[in-house]
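A.B. asks: Below you will find the structure I want to go over with you.
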Amino acid sequence: MIESLRSKSKELLENGTVSLVIGYAEGSKKGKTKPFFAYSSEDCDKLTFSPQCVNNLTIYLTRKFTFMKKGKVAIVAKGCDVKTINVLIQENQLKRDDVIILGMSCDGVVGKDIVHDGEQLPDENKSIKCLTCDVKTPIDYDHLFGEEIKSEALEPMTGGIYDAVKEVKAMSWSDRWKYWMDHFERCIKCYACKKVCPLCYCDVCITEKSRPQWIETSAHARGNYAWNIKRAMDLAGRCTFCGECDRSCPAEIPLNIINQELAMTVYDSFENYTAGYQTDVTPPFVSFKEEDKEDFIK
Amino acid sequence: MSVNQLSEDAFYNLIDDLNSKGTTVVAPVRNEVGMVQYEKVTSSKDNFAFDEVIGRYSPKDAFFPQHETVLRYREGENGVEVKAEEPEINDTVLLGIRPCDAAAMISLNKVFTWDYIDNLFTERRKKAVIISIACNEADESCYCTSVGFAPDGKEGSDLLFSKIKGGGYLAEALTDEGETFIANNSTCFSKKDKSVELEPIAEVTDLGVNIEHIKRWLDKKENFEHKVWDDLAAKCVGCGGCTFVCPTCHCFDLVDEPYGDQGKRVKNWDGCQFDHFTLHASGHNPREHQPQRWRNRFHCKFKIYPDRFEKKGCVGCGRCIRVCPVNLDITEAMIEITAMES
Amino acid sequence: MSEEKTEKKEEWKPRLVAYVCNWCTYGGADLAGTSRLTYDTSVRAIKLPCTGRIDPLFIIKAFERGADGVLISGCHPGDCHYNTGNYHARRRWTTFRSLLDFSGIDMRRLHFSWISAAEAGKWVEVINEVSTNLKELGPYKEFKAITEKKEEYDRVFAQ
Ligand code: SF4
Ligand code: SF4
Ligand code: SF4
Ligand code: SF4
Ligand code: SF4
Ligand code: FES
């Protein structure tokens with residue numbers, strides 16, 4: 001799998017199809033890989049792939065990183081990463097022709113703070129997103145590496161993270177308030193959550209809007225609540241559950257839970273819509289149906 | 001300076017004693033989500049994590065909180081009234097921080113007493129006693145020895161505790177404050193037993209770097225635009241993670257939080273990795289791209305700190321490596337630059 | 001003692017922030033005024049061009065500044081001055097409401113309505129109903145635990 005990934009990458013660079021291959025290389029510490037940019041054939045020998053390849057590299061396709069790209073690029077993408085590419089295309093941030101997708105068949109990556117060596121990854125070491133993954137073979141690619149993996153038929157919005165969401169939902173509202181206040185209290189406003197998110201690509205973020213200061217910059221309960229709620233809301237109907245924000249949060253705030261609550265609401269309210277599966281449908285928040293439910297409006 | 005000893009029980013009694021005297025005790029504890037943080041502890045039964053390699057965040061928060069009010073204003077009958085905040089600063093003991101973090105406090109102190117004396121910082125520092133515990137374990141990210149510090153280093157601490165085989169600590173006073181501390185809490189300490197044997201000190205990876213050479217390389221103007229910055233840091237996503245966890249990072253922002261006709265001016269941590277950090281009002285940003293921002297961080301640690309404060313900017317705690325979501329490892333740059341300069 | 005308490009309770013008035021669209025609900029409120037209808041004075045109406053202009057953050061801001069309840073109101077579906085503003089807003093509120101609920105906001109304090117420029121009576125009804133509810137609920141103490149307090153300033157400036 002790695003050998004064919006390397007040789008395909010070399011071929012693409014050598015015949016001038018792409019100027020850059022965005023992939024993974026061995027990391028600096030045990031059990032880590034890192035994002036890696038291959039500009040030449042020699043660079044391609046450093047490309048790798050394993051369950052340690054946790055990053056969603058599609059962040060480098062967004063306009064946050066225009067300075068490093070010239071022309072067409074190829075990108076190593078797992079099934080979940082391809083979902084992000086789909087949303088970027090759907091939102092006109094990217095053209096399908098601008099990118100060559102080196103799709104990886106994938107049976108899971110390691111969870112947060114887990115050091116796991118070797119290939120076989122038991123479920124308990126997997127990232128929670130992998131437990132309900134239905135794109136182990138990416139839904140779109142130009143070249144596929146590894147054996148196709150059939151995803152089992154899954155009950156939508158069930159298991160893994162969705163069960164965790166339901167658990168929080170089952171609490172009383174005042175318990176939920178306490179639950180989130182306890183978590184948000186730890187937020188240090190490092191903004192890693194927005195910075196790693198490939199779908200947080202606004203040129204100017206609301207946090208930087210200071211007249212008025214919509215979101216207080218202070219890491220106090222009020223500022224943290226506003227920030228975490230606003231960030232999540234802006235990803236509603238868009239978040240593909242790559243889990244990067246949750247993985248990167250130094251304060252261990254369960255961002256996956258809050259993001260997937262939104263995904264579940266969007267699924268239930270807007271005709272079972274799930275982000276990342278189609279590029280040719282209008283996203284739920286730039287469209288509407290006259291008959292959308294409004295049972296909460298007087 | 002004196003060397004004493006305290007048993008495991010005495011160590012925990014010390015925490016209770018200090019608390020009962022009204023002293024604030026800050027120590028490493030494991031919180032409800034499993035992270036180790038330096039927090040105020042009120043009882044010897046807290047969820048301590050003295051054996052953790054190092055806390056997720058640095059203990060700088062004790063002197064330089066992430067968020068604090070510096071003044072308040074309000075519109076009264078006689079125009080605008082302004083009042084400087086005078087927080088109550090309690091006697092504090094930082095118990096069980098690591099030697100690298102203690103050393104970092106010297107560097108921080110230098111910044112906050114440089115051209116302007118930051119009273120909020122210095123008052124807190126003056127009222128604090130720093131007790132480090134020597135490291136018996138290091139992880140892959142630790143590299144204190146490569147930047148001139150040590151797992152049993154003495155810089156910046158008032159007292160150094162070292163773990164005794166079988167339990168308890170050896171307590172070495174390093175400053176007058178340390179001596180006074182032992183005198184004031186003499187019931188917890190006993191004379192050093194001649195036969196005590198210490199737990200072995202941690203072995204820390206030697207990176208084989210030379211920070212003088214790194215500095216020399218950074219001093220050369222032409223290297224400011226060297227391609228190494230792009231090569232290494234193009235992948236940096238600009239989250240402020242590394243700056244917020246670093247014990248020597250000290251940037252902050254003063255902002256007004258208005259609230260009708262009253263409000264606060266607050267001091268919040270800021271960081272050079274944020275795109276907004278150097279943005280001018282005109283819209284121009286001298287550090288336009290992320291690698292330039294990362295270059296600044298590296299310069300800050302290995303050139304600006306030594307040039308301006310005659311102190312080291314990096315103590316090798318390894319936190320920035322552990323926190324980085326894209327595995328941008330500062331030691332890779334150190335190694336590469338050392339190689340270019342040798 | 002208990003007398004004093006009941007007296008206090010009567011004195012306390014909730015703060016209800018109403019974000020209303022210019023073309024319908026504001027018109028309705030205006031009509032209520034010119035028709036000399038009276039309604040509860042707990043409400044502070046804030047006029048915006050359209051419900052489509054109401055950012056989710058407005059709700060959070062209102063609570064941050066001490067609101068005990070928030071009402072969002074605009075044109076009936078099909079009547080939006082900009083044709084579709086309220087349809088888009090409706091989707092956003094469906095989602096944001098759920099998120100706020102999930103985050104532990106007291107949902108008895110957040111209300112939505114469609115009130116046209118002709119429905120002065122409905123405006124009066126909705127405001128009175130929501131205000132009465134809020135009076136029963138009392139101050140929104142959970143959120144107020146994280147807001148700025150005037151008393152704190154009084155104390156600091158008195159020193
Ligand atoms: S979610 Fe699916 S494609 Fe993504 S890492 Fe997990 S198993 Fe692989
Ligand atoms: S990554 Fe976590 S700590 Fe940082 S701003 Fe986001 S929620 Fe807060
Ligand atoms: S919000 Fe988090 S999980 Fe969703 S797309 Fe962004 S980084 Fe991924
Ligand atoms: S630069 Fe990194 S290793 Fe050095 S002191 Fe800061 S956080 Fe620690
Ligand atoms: S070096 Fe890593 S931790 Fe620091 S800003 Fe860049 S991505 Fe974030
Ligand atoms: S103008 Fe009233 S909802 Fe759009």
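A.B. asks: Considering only residues of the range A:282-298 that are at the interface with chain C (Cβ under 10 Å from one of its Cβ atoms) and touching a residue at least 24 places away in the same chain (Cβ under 8 Å), which is surrounded by the most Cβ atoms within 10 Å (Cβ to Cβ)?
C.D. replies: My answer is A:PRO284.
A.B. asks: Further question: Taking only the range A:165-219 into account, find how many residues are outside any helix (DSSP H, G or I) and of a type outside the set (Asp, Glu).
C.D. replies: The total comes to 28.
A.B. asks: Exactly one of these conditions fails for B:VAL326: (1) under 17 Å from the mean Cα position of the chain (by Cα); (2) part of a loop (DSSP other than H, G, I, E, B); (3) facing chain A (nearest Cβ under 9 Å). Give me its number.
C.D. replies: Among (1) under 17 Å from the mean Cα position of the chain (by Cα); (2) part of a loop (DSSP other than H, G, I, E, B); (3) facing chain A (nearest Cβ under 9 Å), the lone unmet condition for B:VAL326 is (1).
A.B. asks: Could you list all residues from the range B:66-84 that are outside any strand (DSSP E or B) and touching a residue at least 24 places away in the same chain (Cβ under 8 Å)?
C.D. replies: B:GLN66
A.B. asks: With the condition kept exactly as written, say whether any residue in the range A:158-169 is within 16 Å of ligand 2 (Cβ to nearest atom), out of contact with any Lys or Arg (no Cβ under 7 Å at 6 or more places or on another chain) and modelled with pLDDT of 95 or more.
C.D. replies: No, the conditions are met nowhere in the range A:158-169.
Okay, residues lined up against (1) within 16 Å of ligand 6 (Cβ to nearest atom); (2) in a helix (DSSP H, G or I); (3) in contact (Cβ under 8 Å) with a residue 60 or more places away in the chain:
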{"residue": "B:PHE277", "(1), (2), (3)": "no, no, no"}
{"residue": "B:ASN285", "(1), (2), (3)": "no, no, no"}
{"residue": "B:PRO306", "(1), (2), (3)": "no, yes, yes"}
{"residue": "B:LYS311", "(1), (2), (3)": "no, no, yes"}
{"residue": "B:CYS314", "(1), (2), (3)": "no, no, yes"}
{"residue": "B:GLU332", "(1), (2), (3)": "no, yes, yes"}
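A.B. asks: Of the residues that make up the range A:148-161, is at least one away from chain C (no Cβ under 14 Å), part of a helix (DSSP H, G or I) and more than 30 Å from A:LYS8 (Cβ to Cβ)?
C.D. replies: yes
A.B. asks: Give just the number: which of (1) of a type outside the set (Asp, Glu); (2) in a loop (DSSP other than H, G, I, E, B); (3) away from ligand 2 (no atom under 16 Å from the Cβ); (4) under 29 Å from B:GLU32 (Cβ atoms) does A:CYS130 not satisfy?
C.D. replies: In the conditions (1) of a type outside the set (Asp, Glu); (2) in a loop (DSSP other than H, G, I, E, B); (3) away from ligand 2 (no atom under 16 Å from the Cβ); (4) under 29 Å from B:GLU32 (Cβ atoms), A:CYS130 misses (2) alone.
A.B. asks: Let me ask something else about it. Report every pair of residues separated by at least 6 positions or lying on different chains whose Cβ atoms are under 9 Å apart, first residue within the range A:127-147 and within 14 Å of chain B (Cβ to nearest Cβ) and farther than 19 Å from A:LEU47 by Cα, second within 16 Å of ligand 2 (Cβ to nearest atom) and at pLDDT below 95.
C.D. replies: These pairs meet every condition: A:SER127/A:LYS112.
A.B. asks: From the list A:LYS34, A:LYS30, pick out the single residue that is within 13 Å of chain B (Cβ to nearest Cβ), under 30 Å from B:CYS142 (Cβ atoms) and crowded, with 18+ Cβ neighbours inside 10 Å.
C.D. replies: Checking each option against the conditions leaves just A:LYS34.
A.B. asks: A further question on this structure: Among the residues of the range A:271-281, are any charged (D, E, K, R) and at the interface with another protein chain (Cβ under 9 Å from one of its Cβ atoms)?
C.D. replies: No, there is no match, as no residue in the range A:271-281 is charged (D, E, K, R) and at the interface with another protein chain (Cβ under 9 Å from one of its Cβ atoms).
A.B. asks: Only one of A:VAL165, A:VAL99, A:VAL87, A:VAL109 is under 19 Å from the mean Cα position of the chain (by Cα) and under 20 Å from A:MET1 (Cβ atoms). Can you tell me which?
C.D. replies: A:VAL109
A.B. asks: Still on this model: Taking into account only those residues within the range B:299-342 that are within 18 Å of B:ALA234 (Cβ to Cβ) and of a type in the set (D, E, K, R), which is nearest to ligand 4 (Cβ to nearest atom)?
C.D. replies: Ranking the candidates gives B:ASP329 first.
A.B. asks: Being within 20 Å of the chain's Cα centre (by Cα), of a type in the set (Val, Ile, Thr) and facing another protein chain (nearest Cβ under 7 Å) is the filter here, so list the residues in the range C:132-159 that pass it.
C.D. replies: If the condition is that a residue be within 20 Å of the chain's Cα centre (by Cα), of a type in the set (Val, Ile, Thr) and facing another protein chain (nearest Cβ under 7 Å), then C:ILE146, C:THR147 are the ones that fit.
A.B. asks: Then there is this: Which of the residues spanning the range A:209-252 are closer than 18 Å to B:ASP275 by Cβ, at pLDDT below 95 and within 11 Å of chain B (Cβ to nearest Cβ)?
C.D. replies: A:LYS209, A:SER210, A:GLN213, A:THR217
A.B. asks: Looking at the range B:232-252, which of its residues are hydrophobic (A, V, I, L, M, F, W, C) and under 24 Å from B:PRO65 (Cβ atoms)?
C.D. replies: Hits for the range B:232-252 are B:CYS239, B:CYS242, B:PHE244, B:VAL245, B:CYS246, B:CYS249, B:CYS251, B:PHE252.
A.B. asks: Does any residue in the range B:257-273 that is within 14 Å of chain C (Cβ to nearest Cβ) come within less than 7 Å, Cβ to Cβ, of a residue that is outside any strand (DSSP E or B) six or more places away or on a different chain, and which pairs are these?
C.D. replies: That search, which allows pairs on different chains as well, returns B:GLU257/A:GLU216; B:GLU257/A:SER218; B:TYR259/C:GLU148; B:GLN262/C:TYR153; B:VAL266/A:SER218.
A.B. asks: Let me ask something additional. When you look at B:LEU218, is it outside any loop (DSSP other than H, G, I, E, B), within 26 Å of the chain's Cα centre (by Cα), modelled with pLDDT under 95 and not basic (Lys, Arg), yes or no?
C.D. replies: So B:LEU218 fails the test.
A.B. asks: Identify the residue in the range A:90-116 that is within 14 Å of another protein chain (Cβ to nearest Cβ) and either part of a loop (DSSP other than H, G, I, E, B) or within 16 Å of ligand 4 (Cβ to nearest atom) (or both) and, among all such residues, is surrounded by the most Cβ atoms within 10 Å (Cβ to Cβ).
C.D. replies: Per the stated criteria, the residue is A:VAL109.
A.B. asks: Could you tell me whether the range B:141-153 includes any residue that is touching a Cys at 6+ places or on another chain (Cβ under 6 Å), in contact (Cβ under 8 Å) with a residue 24 or more places away in the chain and more than 19 Å from B:PRO200 (Cα to Cα)?
C.D. replies: Yes, because at least one residue in the range B:141-153 is touching a Cys at 6+ places or on another chain (Cβ under 6 Å), in contact (Cβ under 8 Å) with a residue 24 or more places away in the chain and more than 19 Å from B:PRO200 (Cα to Cα).
A.B. asks: Name the residue that is farthest from ligand 5 (Cβ to nearest atom), counting only residues in the range A:66-81 that are hydrophobic (A, V, I, L, M, F, W, C) and modelled with pLDDT of 85 or more.
C.D. replies: For the range A:66-81, the residue satisfying everything is A:ALA74.
A.B. asks: Of the numbered conditions (1) modelled with pLDDT of 95 or more; (2) in a loop (DSSP other than H, G, I, E, B); (3) within 25 Å of B:PHE149 (Cα to Cα), B:ASN296 fails exactly one; give the number of that condition.
C.D. replies: (2)
A.B. asks: Still on this structure: Looking at the range C:110-123, can you tell me whether even one residue there is more than 12 Å from ligand 6 (Cβ to nearest atom), under 30 Å from A:PHE184 (Cα atoms), in contact (Cβ under 8 Å) with a residue 12 or more places away in the chain and basic (Lys, Arg)?
C.D. replies: Looking for residues that are more than 12 Å from ligand 6 (Cβ to nearest atom), under 30 Å from A:PHE184 (Cα atoms), in contact (Cβ under 8 Å) with a residue 12 or more places away in the chain and basic (Lys, Arg), one finds none in the range C:110-123, hence no.
The values are calculated or read from the model by the stated rules, or taken from the named source; none is laboratory data. Note that this is a predicted model, so its numbers are computed, not measured. When we count neighbours, we look across all protein chains shown, and the Cβ atoms used for this are built from the backbone with ideal geometry, even at glycine.
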